[in-house]
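Structure record follows, encoded as C-alpha cells.
The values are calculated or read from the model by the stated rules, or taken from the named source; none is laboratory data. All values derive from a computational prediction rather than experimental measurement. Backbone-built Cβ (ideal geometry, glycine too); neighbour counts: all protein chains shown. SASA here: full protein model, heavy atoms, side chains in, ligands and nucleic acids out. Shrake-Rupley method; radii C 1.70, N 1.55, O 1.52, S 1.80 Å.
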Amino acid sequence: MLRVLLLFVLVFAIADLRAQEKEDAGSGYALSFDGVDDFVDLGNVYDDLELPMTISAWIFLDVRGLGTIFASQDNSLTYNGFHFYVVQSAIIIEYGDGLGSVGAEFRRGKSGPVENISGKWVHVAAVVRGPSDMDLYLNGVNTGGKYVGESQSVMESDFPAERAQIGYRSVGGIDYHFQGMIDEVRLWNTAQTEKEIRDQMCVKLTGTEPGLVGYWNFDETKGSVTTDESPNNVDGNLIGAPRRVFSGAPIGDESLYLYRDDWQGVELSQQDSLDNVSVKNISGNPEGIHIYKVKRLPGQTGNLNLITVSKPYFGVYCSIRESAVTFDLAYQHHGMPVCRVFARTDNTGQSWTESFSSVNNFSERCEVIKELPGFPLQIDLGPDEAPCTVMPRILQSLRDTTGFTFSWQDGSSFSKLTVTDFGTYWLSVSNGCSGAQDTLDISKVPVDDLVIPNIFTPNHDALNQYFEIDPRITGGSLRVYDQWGMEVYSSRNYLNNWDGSGLPDGIYFYTLSGGKCITEKKGTLTILK
C-alpha cells in the first residue's frame, strides 16, 4: 500500500511539474546563459540517436560569445553523438564515430561561414544525413561551407554514461559554454528539407510533428526545470543560473514567407478573415521575409490600452546577410485601414509605440497590434444634481487612461477634475480612433423650491402625522410660536419628528434657520387634529 501511495505522489508531482505556468504569447521566454557555468542538463538520453537528424534553434549570440548550442553526448573522452555550436564566423555541426579519442580522425562535421550574427536573433539549423552529406542554414538560407574532421563512419550514440546538454559541452578537458540567449531548440530524427526549415522557423510547434524527438521552448516563467514538449518528455534541469527572459525570436502561431533575389516592387501580405498586414517598399537586399501571426495578446503591454487593442498581433522578420533592409507596413481590418497601430521591434520590448495604420521605414523587423476601429467608447460623469451645497469631489471618467486625451470645459487636459462649486462641467475624451462626450450640471436648489407644508394632521391615523419639511433642510433649527408669540416648540437639530403634542388645533408660526440650504425662513402652519 505504501509503495502504491509513493508511486501516486511521484506521478502527481511529475504532472504538476509539467504543468508549470508558461508565457506562451509569441516567442514567450528564452534562456540567457552567462558563458561561464550555465547550461541545461537533459540527462542520459539519445543513446539510440542515429542519422539522419536535424537540429535547429533561435540564438542571440553575445558580441563576445561563442559556444555550444546542443550536445547529445558529453564528448569528454571520446567523440560520439553530435554537437552543434557557433563562433563569431561560423556555424558548426560535428558528430563522433565512437571509435577512438577526441582526435580529428574520429569525428566528422561541417562548418558554414557566417558574418554579423552577434547581437541579434538568428535562426540556425543543421541537417546531417551522412559523412559527406550535411547542410547548415542561417535564417533559412544554406550557408554552404566545408567539411571538417576525417571520419567516414556513421555516428555512434550508444555511450550510456554520457549526458545531453543545452548550452555546454566539454571536449578533452576544455569547456565550451554558450554566451547569450537560446530559444526554440528542436531535435528531429529526420533530415528536414529547406522548405520544412523555412515553414517552421517562425512558427511555434505543437510537439506532435512527425520525427520530432526533442522540443524545448523555455517558456516556463519560473522554476529550475524546462519541459520537453515532444512526446519523449526529456525535461531538462537548469544548472548554474540561466535567466528566464522575454525572447526576441520571431515566433508566431502561423507564418508565411518569401525568399527571392529581386525585391523591386514586391509586396508580401499575411491575411486572415479580418486582418491584412502588408510589407511593401522593400529596400536593401533581404534573402527572405517572414510575416508571422500571434493569436494571443502580447505578454508585455506597456503603453497599450487592453480595452481598445485587439488580437491577433503580427510580426515581420527579414533574413539579412549583407546590406541593411527597410520596409513599409500597412494594416487593414475588414478591408479598411485601421485608425492606428502600436509597434515594437520584438517580444523583448516592454512598451509599444503609437503610429498610424501605415508605418514607414521599419528596419529589419517589427511587431504590430491594431486599435479596434470605431470602438464604442462611453463615458459618464454621473447624473445632473441640484443640491444645496457642493462638497469637493473628483470627476473621473475612465479607470485606464492609457492612450486617451482629455479636454474639460476649463481647457484642462488632465484625466481628472476637482469640483468645488456649482456649474456645468463637460468632458471630451478621444483615443485617436473613437471619442465620447458627457456633461454634468450641478445647480443650487432655489429656496422657493423647498417643500415646507402649511398644515399637518396629527390625529394618529399614520397619515401626515408629523410636520415634515424638505429633507434637504432638516438638521437645522426649528422654532414654533402660537398666536401670542409664545414659543411652543424648539429643536436645534430638527429631524421631521414633531407631531404637535399637547397643542390645540389652530394657526402657528415657525422660524427655520441653519442647515445646508437656507439662512432663515419664516411661515405659518396649521395643526388640524
Positions within segment 73-88 being part of a loop (DSSP other than H, G, I, E, B) and of a type in the set (Gly, Ala, Ser), in sequence order: Ser76
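For segment 342-359, enumerate the residues that are part of a strand (DSSP E or B) and not aliphatic (A, V, I, L, M).
From segment 342-359, those part of a strand (DSSP E or B) are 342-344, 351, 353-355, 358-359; that's our starting set.
Answer for segment 342-359, where residues must be part of a strand (DSSP E or B) and not aliphatic (A, V, I, L, M): Phe342, Arg344, Ser351, Thr353, Glu354, Ser355, Ser358.
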Any hit, segment 405-425, residues being surrounded by 13 or more Cβ atoms within 10 Å (Cβ to Cβ) and modelled with pLDDT under 80: no
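Of everything in segment 471-529, what is basic (Lys, Arg), surrounded by fewer than 15 Cβ atoms within 10 Å (Cβ to Cβ) and more than 14 Å from Asn454 (Cβ to Cβ)? Give them in sequence order. Talk me through it step by step, then tell me what you get.
Of segment 471-529, the ones basic (Lys, Arg) are 472, 479, 492, 516, 521-522, 529.
Next cut, surrounded by fewer than 15 Cβ atoms within 10 Å (Cβ to Cβ) only: 492, 516, 522, 529.
Result: Arg492, Lys516, Lys529.
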Sole exception among (1) of a type in the set (Asp, Glu); (2) surrounded by 15 or more Cβ atoms within 10 Å (Cβ to Cβ); (3) farther than 30 Å from Arg393 by Cβ for Asp461, by number: (2)
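Which residues, taken from segment 68-89, are open to solvent by less than 10 Å² (accessible area, probe 1.4 Å) and more than 13 Å from Gly172 (Cβ to Cβ)? Talk me through it step by step, then tell me what you get.
Restricting attention to segment 68-89, the residues satisfying the condition of being open to solvent by less than 10 Å² (accessible area, probe 1.4 Å) are 68-73, 75, 80-84, 86.
Residues satisfying the conditions are Thr68, Ile69, Phe70, Ala71, Ser72, Gln73, Asn80, Gly81, Phe82, Phe84, Val86.
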Residue within segment 98-105 that is under 30 Å from Gly248 (Cα atoms) and hydrophobic (A, V, I, L, M, F, W, C) present: no
Residues located in segment 229-246, provided they are assigned to a loop (DSSP other than H, G, I, E, B) and more than 26 Å from Glu209 (Cα to Cα): Gly240, Ala241, Pro242
Hits in segment 92-123 - residues which are within 33 Å of the chain's Cα centre (by Cα) and open to solvent by less than 50 Å² (accessible area, probe 1.4 Å): Ile117, Ser118, Gly119, Trp121, Val122, His123
Residue list for segment 327-341, restricted to those being open to solvent by 40 Å² or more (accessible area, probe 1.4 Å) and either assigned to a strand (DSSP E or B) or of a type in the set (Val, Ile, Thr) (or both): Gln332, Met336, Pro337
Enumeration of residues in segment 439-478 that are touching an Asp or Glu at 6+ places or on another chain (Cβ under 6 Å) and free of Cβ contacts under 8 Å to residues at least 40 places away in the same chain: Val451, Gln465, Tyr466
Number of the exception - Asp380 against (1) assigned to a strand (DSSP E or B); (2) under 37 Å from the mean Cα position of the chain (by Cα); (3) of a type in the set (Asp, Glu); (4) more than 30 Å from Ile251 (Cα to Cα): (1)
Enumeration of residues in segment 26-43 that are at pLDDT 95 or above and hydrophobic (A, V, I, L, M, F, W, C): Ala30, Leu31, Phe33, Phe39, Val40, Leu42
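Out of the residues in segment 306-326 that are among the β-branched types (Val, Ile, Thr) and under 22 Å from the mean Cα position of the chain (by Cα), which is most open to solvent (accessible area, probe 1.4 Å)? Break it down into steps so the answer makes sense when it comes.
Taking segment 306-326 first, the residues among the β-branched types (Val, Ile, Thr) are 307-309, 316, 320, 325-326.
Add one more test, that the residue is under 22 Å from the mean Cα position of the chain (by Cα), and what stays is 307-309, 316.
On the way: Ile307: 101, Thr308: 2, Val309: 9, Val316: 1 Å².
Filtering first and then ranking leaves Ile307.
Residue-by-condition table, conditions (1) within 30 Å of Ser72 (Cα to Cα); (2) out of contact with any Gly (no Cβ under 8 Å at 6 or more places or on another chain):
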| site | (1), (2) |
| --- | --- |
| Ile251 | yes, no |
| Ser269 | no, yes |
| Ser278 | no, yes |
| Pro298 | no, no |
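Quick test for you: out of Ser224, Ser255, Ser230, Ser247, pick the one residue that is farther than 18 Å from Thr345 by Cα, at pLDDT 95 or above and either open to solvent by less than 50 Å² (accessible area, probe 1.4 Å) or of a type in the set (A, V, I, L, M, F, W, C) (or both). Talk me through it step by step, then tell me what you get.
Values: Ser224 fails: either open to solvent by less than 50 Å² (accessible area, probe 1.4 Å) or of a type in the set (A, V, I, L, M, F, W, C) (or both); Ser255 fails: farther than 18 Å from Thr345 by Cα; Ser247 fails: farther than 18 Å from Thr345 by Cα.
Sole residue among the options that is farther than 18 Å from Thr345 by Cα, at pLDDT 95 or above and either open to solvent by less than 50 Å² (accessible area, probe 1.4 Å) or of a type in the set (A, V, I, L, M, F, W, C) (or both): Ser230.
Restricting to segment 181-194, and then to whatever is farther than 19 Å from Thr208 by Cβ and crowded, with 24+ Cβ neighbours inside 10 Å, can you tell me which residue is nearest to the chain's Cα centre (by Cα)?
Quick first cut of segment 181-194, residues farther than 19 Å from Thr208 by Cβ only: 181-183, 191, 193-194.
Add one more test, that the residue is crowded, with 24+ Cβ neighbours inside 10 Å, and what stays is 181-183.
Working: Met181: 20, Ile182: 20, Asp183: 18 Å.
Only one residue tops the list, namely Asp183.
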Residues that are under 18 Å from Gly28 (Cβ atoms), open to solvent by 10 Å² or more (accessible area, probe 1.4 Å), in a strand (DSSP E or B) and not basic (Lys, Arg), drawn from segment 261-305: Gly302
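Tell me the residue from Gly100, Gly96 that is under 17 Å from Val148 (Cβ atoms) and out of contact with any strand residue (DSSP E or B) (no Cβ under 8 Å at 6 or more places or on another chain), please. Don't jump to the end; show me each part of the working.
Working: Gly96 fails: out of contact with any strand residue (DSSP E or B) (no Cβ under 8 Å at 6 or more places or on another chain).
Just a single option satisfies the conditions, and that option is Gly100.
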